[in-house]
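Colleague: Mind looking over this structure? Questions follow.
The values are calculated or read from the model by the stated rules, or taken from the named source; none is laboratory data. This is a predicted model, so every value here is computed, not measured. For neighbour counting, all protein chains shown are included, and Cβ atoms are generated from backbone atoms with ideal geometry for every residue, glycine included.
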Amino acid sequence: MDRIPILKMGHFLLVTIQVDLYDRLAMDLEADLVKMVSTTGARAVLIDISAVSIVDSFMGRIIGNIASMSKLLDAETVVVGMQPAVAITLVELGLELPGVHTALNVERGMELLQGLIVFDNDIDEQDDEDDHTALS
Amino acid sequence: MTNAFLREDLMSNEELRAQSEELVETLVNALNEENISDVESPDFDEVVEILSGISISRARQGFSPRETGAFVLSLKHALIEVLERELKSDLAKLYEETLKVNRLIDSFSITTFETFIKGREEVILRQTDEIAEISTPVIRVWDGILALPIIGTLDSSRTQIVMENLLQEIVDTGSSLAILDISGVPAVDSLVAQHLIKTVSATRLMGAECIISGIRPEIAQTIVHLGIDLSNIVTKASLAHALKFAFNTLRLEVRKKSGTVIDKN
Amino acid sequence: MTILPLAKDAIKVYKEQDVILFRNRVKEHAVKIKMGLVNQTKLITAASELVRNMLRYGGGGDTLIEIVSRGRDNGIRLTFKDQGPGIPDIAKAMLDGFSTGKSLGLGLPGAKRLVNEFNIKSEAGAGTTVTVIKWANG
């Protein structure tokens, strides 16, 4: 029984997809991720697709679902490492990934998230005028 | 062979002689009673090969199709001359044999035209590829900023090349901003706009952002009149403005050096 | 110019696992005719869309992967044939945005954009056959 591993990295969860997703695997991934976001209180999910050479509408739907589910639990989703050929194909296919941020790699993805997320401890410590302070 | 079409600038007399000899020899060896009337006969494969070779190499050297054609047809004249000498006394036979030779060499000359055209087409294809290569450079103007001056019309095949080069460069350099300068694009219609939008979308999927610069006033008018919506893409009138915007976005500043202070740059 | 088939590979797709096998075979053939990476990606993505359609709406079916040539160009021709319920209104299915909302619908217009030639034959109650061709330098 294989499942795609989910790593916890601080406030984020990292999923690295390295195999072809099929129905059961994809459903398990969605369920596992949602559960983990909920139990860990993660604020973001990073999906690393640098090893994925084909993204079709099925995969697109899974990513979209993950983004929507995570958003409901107050977590952002960032897809990282998209291969150029995949980007070109997705644009031609007309596939949109609504609610999904993208970044070149995991490092950039984390930088992006730092700017997006307001962490709970920040709100408590906020005395000054800055409204959306990012962790510097 | 024919004097009128001797191109001494392109081919020396010795080369011409050698080429002619090879052709004649192969033809003579292949020719016999039966196949003279059979233009398709495999016996002539070697002759056709030599002819194709001659045609392609002449095309590359710059001979016109007429000149190459004349070369082959001159063989016909030479053969007919020989026939005239040999069959002077038997006019009916002379006519018959002349017809056969005529048909045979005519078909050979058609072969040479076909291969000539093929040779030219290969040159055109190669040049098209070269043009595509050099006309879509991706320039690293700064750390993390790429510039693409697009010169000429932007059709779907060029867009493919632009996208591939740009995205690969983004991966290679980790750039986050790409400036597409279209001041060299003569006309922007809905199709070209679509190509630009696709390029921007693909760049965004890679986690980078695009700025379109070089929008001339006429282009701005056309875009609005055509109802093309570029509202979610940053556009600037000039590359300079786009660069300034890019620096700003990356929180970089360009300052004038003051007189006596030694700057540690 | 006529299109000549040079090689063929028939694969039955009736379950999920067959999709992966099918995609891999398509890739093998594409690599054989030296198709560039971007074109390969487009072809395999289109193949994935179409074969998934066949599974989901056609109840599975037969696929054919062929290497074809037209003049000097080499290409891959894929045929998807099912005995499912068929598509009653093909014209509508080929319109972009035909299916809005969660399900991305048949994805036919998208798949069509990824290949060079696209042909679909379908009748309500009589199954569907989709044929596409992608040239190596398409």
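Colleague: From the set of residues in segment B:1-55 that are at pLDDT 80 or above and in contact with a Ser or Thr (Cβ under 6 Å, 6 or more places away or on another chain), which is surrounded by the fewest Cβ atoms within 10 Å (Cβ to Cβ)?
Modeller: The qualifying residue surrounded by the fewest Cβ atoms within 10 Å (Cβ to Cβ) is B:Glu46.
Colleague: When you look at A:Asp28, is it of a type in the set (Asp, Glu), part of a helix (DSSP H, G or I), in contact with a strand residue (DSSP E or B) (Cβ under 9 Å, 6 or more places away or on another chain) and surrounded by 14 or more Cβ atoms within 10 Å (Cβ to Cβ), yes or no?
Modeller: Judged against the criteria, A:Asp28 is not a match.
Colleague: Now for a different question. As an exercise: evaluate A:Met110 against (1) among the hydrophobic types (A, V, I, L, M, F, W, C); (2) in a loop (DSSP other than H, G, I, E, B); (3) more than 8 Å from chain B (Cβ to nearest Cβ) and give the number of the one condition it does not meet.
Modeller: Exception for A:Met110: condition (2).
Colleague: In this structure, is A:Thr89 of a type in the set (S, T, N, Q) and in contact with a His (Cβ under 9 Å, 6 or more places away or on another chain)?
Modeller: no
Colleague: Moving to a separate point now. Can you tell me which residue is nearest to B:Ser176 (Cα to Cα) among those in segment B:241-265 that are small (Gly, Ala, Ser) and at pLDDT 95 or above?
Modeller: B:Ala246
Colleague: Only residues that are without any contact (Cβ under 8 Å) to a residue 24 or more places away in the chain and charged (D, E, K, R): list them for segment B:60-81, please.
Modeller: Of everything in segment B:60-81, just one residue is without any contact (Cβ under 8 Å) to a residue 24 or more places away in the chain and charged (D, E, K, R), namely B:Glu81.
Colleague: Any residue that is small (Gly, Ala, Ser), assigned to a helix (DSSP H, G or I) and away from chain B (no Cβ under 14 Å) - is there at least one of those in segment A:9-25?
Modeller: No, every residue in segment A:9-25 fails to be small (Gly, Ala, Ser), assigned to a helix (DSSP H, G or I) and away from chain B (no Cβ under 14 Å).
Colleague: Among the residues in segment B:205-213, are any within 25 Å of the chain's Cα centre (by Cα) and surrounded by fewer than 19 Cβ atoms within 10 Å (Cβ to Cβ)?
Modeller: No - not one qualifying residue is present in segment B:205-213.
Colleague: Okay, moving on. Go through segment A:63-75 and count every residue that is in contact (Cβ under 8 Å) with a residue 12 or more places away in the chain and surrounded by fewer than 21 Cβ atoms within 10 Å (Cβ to Cβ).
Modeller: Summing the residues that are in contact (Cβ under 8 Å) with a residue 12 or more places away in the chain and surrounded by fewer than 21 Cβ atoms within 10 Å (Cβ to Cβ) in segment A:63-75 gives 7.
Colleague: Hey, can you tell me all the residues within segment B:153-203 that are acidic (Asp, Glu) and either facing another protein chain (nearest Cβ under 10 Å) or over 28 Å from the mean Cα position of the chain (by Cα) (or both)?
Modeller: Once the filter is applied, which keeps residues that are acidic (Asp, Glu) and either facing another protein chain (nearest Cβ under 10 Å) or over 28 Å from the mean Cα position of the chain (by Cα) (or both), segment B:153-203 yields B:Glu164, B:Glu169, B:Asp172.
Colleague: Considering only residues that are within 22 Å of B:Lys244 (Cα to Cα) and at the interface with another protein chain (Cβ under 8 Å from one of its Cβ atoms), which ones fall in segment B:204-225?
Modeller: B:Arg204, B:Gly207, B:Ala208
Colleague: Can you confirm whether A:Val78 is at the interface with another protein chain (Cβ under 9 Å from one of its Cβ atoms), crowded, with 22+ Cβ neighbours inside 10 Å and not in a loop (DSSP other than H, G, I, E, B)?
Modeller: In short, yes.
Colleague: Among (1) within 14 Å of chain C (Cβ to nearest Cβ); (2) outside any loop (DSSP other than H, G, I, E, B); (3) buried (at least 18 other Cβ atoms within 10 Å of the Cβ), which single condition is A:Val55 missing?
Modeller: Condition not satisfied by A:Val55: (2).
Colleague: Another question about this same structure. Kindly list the number of the only condition in (1) closer than 24 Å to C:Ser122 by Cα; (2) in a helix (DSSP H, G or I); (3) more than 9 Å from chain A (Cβ to nearest Cβ) that fails for C:Lys12.
Modeller: (2)
Colleague: Right, A:Val45: out of contact with any strand residue (DSSP E or B) (no Cβ under 8 Å at 6 or more places or on another chain), away from every other protein chain (no Cβ under 12 Å) and over 18 Å from B:Ala208 (Cβ atoms) or not?
Modeller: no
Colleague: Ok, one more. Of all residues being assigned to a helix (DSSP H, G or I) and of a type in the set (Gly, Ala, Ser) in segment B:67-100, which is surrounded by the fewest Cβ atoms within 10 Å (Cβ to Cβ)? Just the residue, please.
Modeller: Among those that are assigned to a helix (DSSP H, G or I) and of a type in the set (Gly, Ala, Ser), it is B:Ala92.
Colleague: Moving to a separate point now. May I ask you to list pairs of residues, at least six apart or on different chains, whose Cβ atoms are under 8 Å apart, with the first in segment B:144-173 being at pLDDT 90 or above and of a type in the set (Asp, Glu) and the second being part of a loop (DSSP other than H, G, I, E, B) and surrounded by 23 or more Cβ atoms within 10 Å (Cβ to Cβ)?
Modeller: So the pair list comes out as B:Glu169/B:Ser175.
Okay, residues lined up against (1) assigned to a strand (DSSP E or B); (2) touching a Gly at 6+ places or on another chain (Cβ under 6 Å); (3) modelled with pLDDT of 95 or more; (4) within 14 Å of chain A (Cβ to nearest Cβ):
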position: C:His29; (1), (2), (3), (4): no, no, yes, no
position: C:Asn53; (1), (2), (3), (4): no, no, no, yes
position: C:Ile65; (1), (2), (3), (4): yes, no, yes, no
position: C:Ser69; (1), (2), (3), (4): yes, no, no, no
position: C:Phe80; (1), (2), (3), (4): yes, no, yes, no
position: C:Ile87; (1), (2), (3), (4): no, no, no, no
position: C:Leu95; (1), (2), (3), (4): no, no, no, yes
position: C:Ser99; (1), (2), (3), (4): no, yes, no, yes
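Colleague: Of a type in the set (Val, Ile, Thr), under 19 Å from B:Gly207 (Cβ atoms) and within 10 Å of the chain's Cα centre (by Cα): does that describe A:Val78?
Modeller: Answer is yes for this residue.
Colleague: May I pose another question? Looking only at segment B:179-192, which residues are more than 16 Å from B:Arg158 (Cβ to Cβ) and either buried (at least 23 other Cβ atoms within 10 Å of the Cβ) or not assigned by TED's automatic domain parsing to the domain that holds B:Ile223 (or both)?
Modeller: Once the filter is applied, which keeps residues that are more than 16 Å from B:Arg158 (Cβ to Cβ) and either buried (at least 23 other Cβ atoms within 10 Å of the Cβ) or not assigned by TED's automatic domain parsing to the domain that holds B:Ile223 (or both), segment B:179-192 yields only B:Ile179.
Colleague: Still on this structure: How many residues are farther than 24 Å from B:Asp172 by Cα and part of a loop (DSSP other than H, G, I, E, B) if we restrict to segment A:81-96?
Modeller: Number of matching residues: 3.
Colleague: Just to be sure before I move on: is C:Val38 modelled with pLDDT of 90 or more, within 14 Å of chain A (Cβ to nearest Cβ), under 15 Å from the mean Cα position of the chain (by Cα) and within 27 Å of A:Ile63 (Cα to Cα) in the structure I sent?
Modeller: no
Colleague: Could you grab me the full set of residues in segment B:151-169 that are buried (at least 17 other Cβ atoms within 10 Å of the Cβ) and either more than 27 Å from B:Phe247 (Cβ to Cβ) or in contact with a helix residue (DSSP H, G or I) (Cβ under 7 Å, 6 or more places away or on another chain) (or both)?
Modeller: If the condition is that a residue be buried (at least 17 other Cβ atoms within 10 Å of the Cβ) and either more than 27 Å from B:Phe247 (Cβ to Cβ) or in contact with a helix residue (DSSP H, G or I) (Cβ under 7 Å, 6 or more places away or on another chain) (or both), then B:Leu154, B:Arg158, B:Thr159, B:Gln160, B:Val162, B:Met163, B:Glu164, B:Leu166, B:Leu167 are the ones that fit.
Colleague: Kindly establish whether B:Ala30 is touching an Asp or Glu at 6+ places or on another chain (Cβ under 7 Å) and within 26 Å of B:Gly119 (Cβ to Cβ).
Modeller: yes
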